[in-house]
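Chemist: The structure that follows is given in the form of structure tokens.
The values are calculated or read from the model by the stated rules, or taken from the named source; none is laboratory data. All of these numbers come straight from a predicted model, not from anything done at the bench. Cβ: placed from backbone, ideal geometry, glycine included. Neighbour counts: every protein chain shown. In case anyone asks, the SASA skips ligands and DNA or RNA and just uses the protein heavy atoms, side chains included. Shrake-Rupley method; radii C 1.70, N 1.55, O 1.52, S 1.80 Å.
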Amino acid sequence: MLAAPDLAWRGPRGGLPPLGSVTAAALDAHYRAAIAAWREVAFVVAEDPAPPSFANTLLPLQMAEHGLDQAEALLRHVRNTAARPEDEAALADLAALRGVAEDELAWHPALFARIAEIAGQEQLTTSERRTARLVLSAMRARGAGLAPGKLAELKTVNAQLAALEARFQANLLADTAQLHAPVEDIRTLAGVDAAMIDVLRREAQTCGVGAPYCVPCARPVVDAILAQAENRALRERVWRMWVQRGAVSNPPVVAEILNLRARKAALLGYANYADLAAADRMARNGDRALELVETIAREAVKAAARHEERLARLPQARSIGSRIEPWDRPFLNDILSAGERGFNAVQLSEYLQLDSMIEGMFWAAGTLYQCAFTRRDDLYGWHEAVSAWEVRQHGELIGVLWLDLFRREGKRALAWMDCYRGRLASRPDEPALTAIHHYLTPPAPGEPVLLSWEDARVLFHELGHALHALLTVVDHPAQGMAHVAWDMIEMPSQLFEHLVTTPEVLGRFARHYQTGAPMPEAMQRQLAAGGIFDPGAFVLSLAGPALVDLHLHRMGPDSVVDAERVERRVLAEMGMPRSVAPRHGVMNFAHVFADAYAAGYYSYHWADVMVADAIEVFEAAGGLFHADTARRFETALLGVGAAVPPGDAYRAFARREPAVPALIRKLGLDL
């Protein structure tokens with residue numbers, strides 16, 4: 001078996017991964033060796049002549065999986081943060097190996113029989129029974145117990161899906177890197193603040209477009225131009241650049257992915273892929289997920305229409321001389337917000353300095369969960385802009401958190417949290433290892449980083465995910481955060497995101513980057529009301545893609561001809577206003593076609609319902625920082641991973657079922 005000692009996790013804190021030195025070439029042998037070691041353990045277990053028990057079957061399998069998880073963490077890290085075009089094909093091939101191995105083990109009759117027998121044993125502890133059932137469910141979802149002919153077809157389908165999903169991501173990365181909007185005349189940038197103009201000037205110097213300014217295909221910059229630029233033609237050009245990512249290369253890829261997923265669902269006995277994906281989630285089937293999103297969308301459509309009537313009365317809207325388009329709504333919202341709330345997006349960002357927001361989110365985590373964050377420059381990162389933080393709870397080391405917040409070549413154009421290692425009760429000397437990644441524009445030397453309101457929320461959101469990983473302690477890897485149901489996984493992060501709107505955070509940490517003056521109380525009150533100025537459009541920007549995702553995955557094999565046509569039909573049927581842009585178009589929907597959210601993007605709304613209800617639970621007890629309620633939330637939900645079914649975990653915290661009306665109230669859609 002091949003070894004890769006240069007990629008060993010060495011040093012204190014249970015060993016740290018070599019994130020700064022791992023390369024695609026070294027990773028190849030290392031990852032293949034980890035897969036081989038895992039398979040070897042599985043085959044030994046399957047052939048064990050002793051009667052099956054948790055100790056001789058699932059325990060060794062789980063410990064072997066823990067080692068494989070660490071190798072896979074390195075693979076994810078390279079693909080997501082340091083990808084080179086010449087390595088992408090090889091890395092995609094590596095990423096497919098685990099799925100192939102998991103299929104092979106799920107289809108092993110003796111191994112499946114042993115685990116099925118263990119799952120029914122009465123002498124298991126509650127934790128062992130939960131692990132056995134989770135593993136058995138995962139094996140059945142991969143086709144365990146299918147007839148040989150169906151298994152052979154499923155194997156072919158899975159291999160093709162892995163390759164196509166990797167191609168979708170590669171196409172999207174290539175488009176994002178290549179697309180840009182050169183600007184020749186400074187007058188075209190009228191209305192754009194000076195700091196952003198400086199960003200565009202520096203971008204032009206690095207991308208070699210031959211123009212003095214250049215708008216890159218990066219969401220923070222695109223959002224700023226759409227909100228600030230007075231030049232309507234520029235706004236349209238930038239908007240079209242953003243939405244066309246993947247439009248040329250991904251249509252055939254998407255069509256084939258959808259067809260293969262429908263075939264996979266049929267082979268596994270499901271009516272469609274949406275039902276397959278929801279089977280082990282809180283929704284249980286695609287129809288329940290669809291019903292939830294449609295209920296929320298109906299209210300959001302009415303709210304968005306009411307808001308658009310207000311936009312249409314602005315002089316700037318009347319001067320457009322035509323209907324409001326998606327590249328107009330952010331600009332008009334900024335004007336209306338300045339008039340009604342007394343500030344616009346640029347003025348708000350002057351109080352949202354990155355370092356202060358980091359301090360604020362760490363304070364919130366400390367207040368709620370007694371977590372202390374200490375910067376450690378001796379903990380290596382993988383780039384000079386990455387910072388490392390040691391995390392302790394009640395004085396005990398529970399994890400390391402890296403902050404990798406700026407965009408660079410080879411890094412995904414998204415914000416996400418990664419957990420390189422979770423916590424196991426049997427290994428108290430191995431703290432959690434987590435990282436928050438963002439795609440902010442790097443500042444000029446000596447300049448502060450000012451966040452948009454959305455980016456401030458995203459920062460808190462991703463720390464919510466990181467806290468979920470840091471505070472979860474389970475008995476076996478199958479119960480870890482990676483196995484939490486997708487319609488629960490967003491709940492803790494969205495609840496923590498809400499804290500950025502509170503006066504406790506804004507009053508302490510939102511200070512003007514030049515004067516140090518605290519954010520005005522009037523501004524705080526506006527943000528405490530939710531901070532979303534156009535809530536109908538905001539909800540629809542997520543609900544639209546969620547409905548498209550569900551409809552595309554409720555089709556049978558060979559029924560999907562034109563995914564973009566389905567997208568247009570679904571958005572029209574839901575009443576999506578022309579002026580509201582979905583957050584993701586189907587051809588650049590990486591969550592769904594290159595990640596784990598297939599038929600699951602609705603989970604943001606499912607989680608939103610629980611978040612709105614949880615906020616009311618906290619507020620009824622005394623506020624969002626109520627100590628006893630926070631302790632119950634951590635004990636009942638945040639720290640249990642998948643060891644407890646998600647519905648049971650929520651009821652243990654809230655002592656009731658969540659309800660949609662709480663979300664309607666929270667978003668102000670009932671006004």
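Chemist: Counting only residues that are of a type in the set (V, I, T) and not in a helix (DSSP H, G or I), which one in the stretch 451-474 is nearest to the chain's Cα centre (by Cα)?
Modeler: Only one residue tops the list, namely T472.
Chemist: Within the stretch 489-508, is there a residue that is open to solvent by less than 30 Å² (accessible area, probe 1.4 Å), at pLDDT below 95 and small (G, A, S)?
Modeler: Scanning the stretch 489-508, I find no residue that is open to solvent by less than 30 Å² (accessible area, probe 1.4 Å), at pLDDT below 95 and small (G, A, S), so the answer is no.
Chemist: The conditions are (1) of a type in the set (S, T, Y); (2) open to solvent by less than 40 Å² (accessible area, probe 1.4 Å); (3) part of a loop (DSSP other than H, G, I, E, B), and T515 fails exactly one of them. Which is it?
Modeler: The number of the failed condition is (2).
Chemist: Here is a follow-up. Tell me, which residue of the stretch 441-450 that is among the hydrophobic types (A, V, I, L, M, F, W, C) and part of a loop (DSSP other than H, G, I, E, B) is farthest from the chain's Cα centre (by Cα)?
Modeler: Checking each candidate, the answer is A444.
One line per residue, one yes/no per condition, for (1) under 22 Å from A482 (Cα atoms); (2) touching a His at 6+ places or on another chain (Cβ under 9 Å); (3) crowded, with 19+ Cβ neighbours inside 10 Å; (4) of a type in the set (V, I, T):
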position	(1), (2), (3), (4)
V100	yes, no, no, yes
E104	yes, no, no, no
R129	yes, no, no, no
A132	yes, no, yes, no
L136	yes, no, yes, no
P148	no, no, no, no
L154	no, no, yes, no
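Chemist: Same structure, new question: Give, as residue ranges, the helices (runs of 4 or more DSSP H) completely inside the stretch 603-671 that count at least 3 residues that are small (G, A, S).
Modeler: Here the list reads 603-621, 646-654.
Chemist: May I pose another question? Can R569 be described as open to solvent by 30 Å² or more (accessible area, probe 1.4 Å), part of a helix (DSSP H, G or I) and either under 24 Å from L276 (Cα atoms) or of a type in the set (K, R) (or both)?
Modeler: It is true that R569 is open to solvent by 30 Å² or more (accessible area, probe 1.4 Å), part of a helix (DSSP H, G or I) and either under 24 Å from L276 (Cα atoms) or of a type in the set (K, R) (or both).
Chemist: Out of the stretch 1-58, which residues are in contact with a Phe, Trp or Tyr (Cβ under 7 Å, 6 or more places away or on another chain) and outside any loop (DSSP other than H, G, I, E, B)?
Modeler: Residue satisfying the conditions is L16 alone.
Chemist: Looking at (1) among the hydrophobic types (A, V, I, L, M, F, W, C); (2) under 30 Å from A642 (Cα atoms); (3) assigned to a helix (DSSP H, G or I); (4) more than 22 Å from the chain's Cα centre (by Cα), which one does I296 not meet, given that it meets all the others?
Modeler: Failed condition: (4).
For every residue, the table says whether it meets (1) modelled with pLDDT of 95 or more; (2) more than 27 Å from L352 (Cα to Cα); (3) not basic (K, R).
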site	(1), (2), (3)
R407	no, no, no
L414	no, no, yes
C419	yes, no, yes
T434	yes, no, yes
H437	yes, no, yes
P442	no, no, yes
E447	no, no, yes
W453	no, no, yes
L459	yes, no, yes
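Chemist: If you don't mind, there's one more thing I want to ask. On the basis of being at pLDDT below 95, open to solvent by 20 Å² or more (accessible area, probe 1.4 Å) and within 21 Å of the chain's Cα centre (by Cα), does A607 make the cut?
Modeler: It is false that A607 is at pLDDT below 95, open to solvent by 20 Å² or more (accessible area, probe 1.4 Å) and within 21 Å of the chain's Cα centre (by Cα).
Chemist: Go through T57, T81 for me and flag whichever is over 25 Å from R427 (Cα atoms), crowded, with 16+ Cβ neighbours inside 10 Å and either of a type in the set (S, T, Y) or touching a strand residue (DSSP E or B) at 6+ places or on another chain (Cβ under 9 Å) (or both).
Modeler: T81
Chemist: Looking at this structure, is D487 assigned to a helix (DSSP H, G or I) and more than 27 Å from A218 (Cα to Cα)?
Modeler: Here the answer is yes, as D487 does meet what is asked.
Chemist: Of everything in the stretch 589-604 that's of a type outside the set (F, W, Y) and surrounded by 23 or more Cβ atoms within 10 Å (Cβ to Cβ), which residue is farthest from the chain's Cα centre (by Cα)?
Modeler: Looking at the filtered set, the residue picked out is A599.
Chemist: Still on this structure, I have one more. Would you check if R240 is within 27 Å of the chain's Cα centre (by Cα), open to solvent by 40 Å² or more (accessible area, probe 1.4 Å) and modelled with pLDDT under 95?
Modeler: no
Chemist: Here is a further query. Has the stretch 94-112 got at least one residue that is under 30 Å from A8 (Cβ atoms), in a loop (DSSP other than H, G, I, E, B) and touching a Gly at 6+ places or on another chain (Cβ under 7 Å)?
Modeler: No, the stretch 94-112 contains no residue that is under 30 Å from A8 (Cβ atoms), in a loop (DSSP other than H, G, I, E, B) and touching a Gly at 6+ places or on another chain (Cβ under 7 Å).
Chemist: If you don't mind, another one. Contact list please: Cβ distance under 6 Å, first residue in the stretch 161-173 and touching a residue at least 12 places away in the same chain (Cβ under 8 Å), second residue open to solvent by 40 Å² or more (accessible area, probe 1.4 Å) and part of a helix (DSSP H, G or I), pairs at least six apart or on different chains.
Modeler: L164/E256
Chemist: If a residue has to be open to solvent by less than 40 Å² (accessible area, probe 1.4 Å) and either more than 24 Å from the chain's Cα centre (by Cα) or closer than 19 Å to D608 by Cα (or both) to count, how many in the stretch 621-641 make the cut?
Modeler: Residues meeting the conditions: 11.
Chemist: State which residue is most open to solvent (accessible area, probe 1.4 Å) when the search covers only the stretch 309-328 and only residues that are within 22 Å of R237 (Cα to Cα) and among the acidic types (D, E).
Modeler: E325
Chemist: Condition first: open to solvent by less than 30 Å² (accessible area, probe 1.4 Å) and either out of contact with any Asp or Glu (no Cβ under 8 Å at 6 or more places or on another chain) or of a type in the set (G, A, S) (or both). Now tell me which residues in the stretch 577-587 satisfy that.
Modeler: S579, V580, H584, G585
Chemist: Another question about this same structure. What number of residues within the stretch 109-125 satisfy the criterion of being more than 17 Å from P477 (Cβ to Cβ) and surrounded by fewer than 18 Cβ atoms within 10 Å (Cβ to Cβ)?
Modeler: 9
Chemist: Just give me the residues in the stretch 174-194 being open to solvent by 30 Å² or more (accessible area, probe 1.4 Å), in a helix (DSSP H, G or I), of a type outside the set (G, A, S) and in contact (Cβ under 8 Å) with a residue 60 or more places away in the chain, in sequence order.
Modeler: D175
Chemist: Cβ-Cβ below 6 Å, separation at least six or inter-chain, first residue in the stretch 5-34 and modelled with pLDDT of 90 or more, second assigned to a loop (DSSP other than H, G, I, E, B) and basic (K, R): which pairs?
Modeler: Note: no pairs meet the criteria.
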